[in-house]
Amino acid sequence: MASAAPDLEASRNGPRKRVLMRGTLFTPDGAFVVWVRDVSTTGALVSCKDRLPVGCDVIFKRGEIFAAAHLAWSNDTGAGVKFYRDLSNDEIARATLPLPHQA
């Protein structure tokens, strides 16, 4: 289940949308199911039960969005994903919608 809060102004990269939703990171070490904590046009904050490999290129997937990115940092509490291209506000809006239920 996805939820979205109003946009928040963070000092890091401008407006971020705080969310709690599932996503997938495809890394050189395999695919990881992640919780997306916040997302902006330039990146995302994610957490995972496993520590993610830092300093590598990844593909961020959430709904219809596939974005090439770099895993900028990773620790026991989460990881920072930096997109190689800025996503549009429409792409962010679509990424924060609940995924359709699949039977």
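Quick notes on this one:
- Under 19 Å from the Cα of K17 - lysines, other chains or at least 8 residues apart: K61, K82
- Our analysis of segment 48-103 gives Rg over Rh at 1.02, with the two radii drawn from alpha carbon positions and Rh computed by the Kirkwood formula.
- A P(r) calculated from all alpha carbon pairs of segment 7-90, with 5 Å bins opening at zero, reads 3, 16, 30, 29, 16, 5, 1 percent.
- Selection from A93, N75, I65, by position along the positive dipole direction of segment 41-93 (Cβ): N75
- Likely footprinting exposure, F26, F32, fewest C-beta neighbours within 10 Å first: F26, F32
Read the figures in this text as sums done on the coordinates, not as results from a lab. Quick caveat, the model's predicted, so the values are computed rather than measured. Virtual Cβ from ideal backbone geometry, glycine too; neighbours counted across all protein chains shown.
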